[in-house]
Amino acid sequence: MHAEDFRGEKLFLSGDEAVALAALHADVKLGTGYPGTPSTEILETFERVGGHAQWAPNEKVALEVGIGAAFAGARALVTMKHVGLNVAADPLFTVAYTGVTGALIIVSADDPGMASSQNEQDNRRYAVAAGVPMLEPSDSQEAYDFTLRAIEISERWHVPVLFRMTTRVCHSKSVVQRGAAIPVAHPSHFEHEIRSRVMIPANARPAHRRLREKLQQLAEWNETPSLNSITAGSDQLGIITSGACYQHVREAVPDASVLKLGMTYPLPTDLMRKFAAGVERCLVIEEGDPYLVEGARMAGITVENKPDMYRFGELNVCRVRRIVAGDLLPEAAPIPGKPPALCPGCPHRIAFTALKNLGCYVAGDIGCYSLGVLPPFEAMDSLVCMGAAIGVGLGMRHVLPPAEAKRVVSVLGDSTFVHSGITGLVEMVYNPPPTGHVLLILDNGTTAMTGLQEHPGTGRTLEHASTGKVIFEDLVRALGVPNVFVTDPTADPESFEELVRAALAKPELSVIIARRNCLLAAKSIRGYEKCNEQQVSGD
Amino acid sequence: MNSKSAVTNIVVAGLGGQGVLKISDILAEVAFLSGLDVKKSEIHGMSQRGGSVSSDIRFGAKVFSPMVPAGEANFLLVTQEDQVAVNLHLLTANGVLIQPAQIDQSQLRNKRSLNVALLGVLSHHLSFPEETWKTAIQRHLPEVVHEVNLQAFALGRKAGTH
């Protein structure tokens, strides 16, 4: 959507777009994150409507930048997909202690059903583990409204807020009525607050106590009419739910009484208890883990959990009907459609053809090139998390007999290399296996899988303007890797295969950078380069 | 299905690159411009890699879930014949299937406008004014392809009457 499409009073927006628009209306000073489906469009939209948005090399750095902005009194928005919060967990747990001066909103976009992810972890657990309040919108209107409320909560209690979305909220579009902007009371300004921000043990011990006090206050506040609502209905059946599931519930069981929780940590247990007591059967309907169920039961509230078979995958209207009916019959397997594939002419095809021909053990990674696992290549043996290709490949090399060890290759893409491959490369230099190792960086000049986002290796910012560029070959050489090759695999596929074969034969460390722009991005990249050159010459 | 309280459910399906998401955006916009409650849902991420892609569009006085429940689609529009089998279970017993065979593709000035032509067929079954469709098409497509797509839409709308 174009910027002018966001000007009306009533708009038709995705959840991601709604968060971005609310951030603009709340005068959020900085949006940062790492691209990840289904969260990517938040920052792209924020930039489009006039906000300051930037891609960080990974989610941990993004959150740290957000923390700095919030320490300096500004409102900050940090976005990531659910697995990104694993990367950002380290700062998350301690910023809960320090608290913030401005506002800090951390979007975790979960992917129940794994439309485009390697797991379906339920990040509501992070709110509990770290001790940060959590909001869960159920559609785009709430994505907009709750973003504004999250900022108010963050500023009132000086806490970071976890804003938990799911694929169906992020990527579904619905009608949004824009609200009143919430202006910033104070300009960004830094005050020394050493005891609350420098988390040496002497300061962290009282900080932990302060956090628990804040959470106690938040729990009490959440009992008052705030972000939770009750739809009165039958006293036979009451359903406690949150997020996208609320929408399925209202449609599947229109007569039921429904307690919809908007703020799901800390839980409003008194409200839940009162609701449960007013109905004969109180059922919790939630995707993924039995998070609300456990919260209710810990508070001594009797609720019914969904049958275990519905713990897997997304819920929808049909599945909710089945849960209500206690239907345990096996569900019809989805009819398989046409699977995605590496694009015809994709430079990754040449790399995977070579790896297959050479009989490699391929420690793979996350990106478009994950499709190298599918026929006709079937040239990937592991995929765990961002950057894992290098560590996993090294671990295999360390323990396999030499003849097998020499077949191991680590493969990852350019954006993934910057995200969390660089520390793996340091490990490779520091603890080289006796057989050496081969790292293949598939550099297609973009973060292709998530929709062609920039990263530090492209030398362009989120809005495609020229900026500092991390040159992989220089970095790799500077770290002391003896054999560094940069090649366009499409120029001569046979010699590319020969290059990999030769590298595997050497008991040394080799890094091969296979550089060729993504076909889908090539035209845009030429356009950005031309535009940026003109700007330089025009200065 | 056109009574005021009911929700109209439409599934648009095809392969990545055929403009499935584009016409679902146009369709949702038409319902939105007509003042209805609208929800639209789809799975992004893999669609650019040529795999199956589908989008759910629902509109009416009030819409809850953004996803069309299986067996409740009033219309199934497919941009590729082989995607019918994959999606047919979504259609109600008396639902309407709209597929490429309904369009004389030799009449299309640009084959890539097949998606908009099929939208034209669908438009015949819905009560939105033709002007609203045209507005939405123009809003969602670049100006250079307005004419060719409006022609495709008109072709489909006419084919829908047969």
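A short reminder: the numbers here are calculations on the coordinates, not readings from a lab. Since we're looking at a predicted model, the values are computed, not measured. Methodologically, a virtual Cβ is constructed for each residue, glycine included, from the backbone with ideal geometry; neighbour enumeration extends over all protein chains shown.
Quick notes on this one:
- Alpha-carbon Rg/Rh ratio, for the stretch A:3-223, with Rh computed the Kirkwood way: 0.95
- Percentage relative contact order, chain A, counting C-alpha pairs under 8 Å, at least six apart: 11 percent
- Only one residue of B:LEU21, A:ASN123, A:VAL49 has its Cα farthest out toward the positive end of the dipole of the protein assembly as shown, where Lys and Arg carry +1 and Asp and Glu -1 on Cβ, and that residue is A:ASN123.
- Shielding of peptide B:59-71 by partners, expressed as the average count of other chain Cβ atoms within 10 Å per residue Cβ, is 6.
- Taking every C-alpha pair closer than 8 Å and separated by at least 6 residues, the mean separation divided by the residue count of the stretch B:8-159 gives a relative contact order of 25 percent.
- The overall shape of the stretch A:68-149 is oblate: from the C-alpha gyration tensor, with semi-axes ordered a ≥ b ≥ c, the ratio a/c is 1.5 or greater and a/b is no larger than b/c.
- Each semi-axis of the equivalent ellipsoid for the stretch A:347-538 is √(5λ) with λ an eigenvalue of the Cα gyration tensor; in descending order they amount to 29, 18, 15 Å.
- From the Kirkwood radius over Cα pairs of the stretch A:214-283, Stokes-Einstein at 10 °C and 1.306 mPa s returns a whole-number translational diffusion coefficient of 130 µm²/s.
- When restricted to Cα atoms, the protein assembly as shown yields an Rg and a Dmax of 26.3, 80 Å, respectively.
- In chain A, taking the dipole from charged Cβ atoms about the Cα centre, the farthest positive-side position among A:PRO402, A:VAL484, A:MET165 is held by A:PRO402.
- Signed unit charges on C-beta, dipole axis of the stretch B:8-159, positive-most listed residue B:LEU77, B:SER106, B:ALA61: B:SER106
- Note on chain B: Cα Rg divided by 2.2 N^0.38 Å, N the number of residues, gives 0.95.
- Structure-based [θ]222 nm, chain A - -39500 (n - 2.57) summed over DSSP H runs of at least 4, per residue, nearest 500: -12000 deg cm²/dmol
- Along its first, second and third principal axes, ordered by size, the stretch A:229-325 spans 30, 26, 21 Å in Cα coordinates.
- For the protein assembly as shown, the list of Cys residues with no other Cys C-beta under 4.7 Å reads A:CYS170, A:CYS245, A:CYS282, A:CYS318, A:CYS360, A:CYS368, A:CYS385, A:CYS518, A:CYS531.
- Using Cβ point charges alone (K and R +1, D and E -1), the dipole size of the stretch A:229-325 about the Cα centre works out to roughly 80 debye.
- Checking the cross-link pairs A:LYS29/A:LYS469; A:LYS173/B:LYS134; A:LYS60/A:LYS469; A:LYS338/B:LYS158; A:LYS10/A:LYS260; A:LYS10/A:LYS81 against a 26 Å limit on the alpha carbon distance flags A:LYS338/B:LYS158; A:LYS10/A:LYS81 as lying beyond it.
- Local electrostatic count at A:VAL279 - Lys and Arg +1, Asp and Glu -1, tallied over other residues with Cβ under 15 Å: 0
- Net dipole in debye of the stretch A:311-445 [+1 Lys, Arg Cβ; -1 Asp, Glu Cβ; about Cα centre; nearest 20]: 280 debye
- Take each residue in A:330-339, count the other chain C-beta atoms within 10 Å of its C-beta, and the mean is 4.
- Most tightly packed first, judged by the mean number of other beta-carbon atoms within 10 Å of their residues, the peptides A:300-311, B:19-30 read B:19-30, A:300-311.
- For chain A, a crude dipole built from +1 on the beta carbon of Lys and Arg and -1 on the beta carbon of Asp and Glu, taken about the Cα centre, is about 580 debye to the nearest 20.
- Close amide H pairs (under 5 Å, H built 1.01 Å from N) link A:VAL486 with A:ILE513, residues at least 5 positions away or on another chain.
- Over the residues of chain B, the helix contribution to mean residue ellipticity at 222 nm works out to -10500 deg cm²/dmol, using -39500 (n - 2.57) for each DSSP H run of at least 4.
- Near A:LEU342, once Lys and Arg are set to +1 and Asp and Glu to -1 for all other residues with Cβ below 14 Å from its Cβ, the sum equals +4.
- Pairwise centroid distance, computed over Cα atoms, of the stretch B:32-108 with the stretch A:472-505, Å: 46 Å
- Phi-based couplings in Hz for the stretch A:489-500 (Karplus 6.51, -1.76, 1.60; Gly and Pro marked x): x, 7, 5, 7, x, 5, 6, 5, 4, 5, 4, 5
- The stretch A:87-149, relative contact order [Cα under 8 Å, separation at least 6], %: 26 percent
- Alpha-carbon centroids, the stretch A:144-221 and the stretch A:295-326: separation in whole Å: 30 Å
- Structural size metrics of the stretch A:145-195, computed from C-alpha coordinates, are Rg and Dmax of 15.0, 45 Å.
- Inter-chain neighbour count for B:33-39: the average number of beta-carbon atoms from partner chains within 10 Å of each residue's beta-carbon is 3.
- With a cut-off of 13 Å between beta carbons, the residues surrounding A:MET199 carry a summed charge of +2, where Lys and Arg count +1 and Asp and Glu -1.
- Nearest 10 degrees, 0 to 90: helix A:140-157 Cα axis against chain A principal axis: 80 degrees
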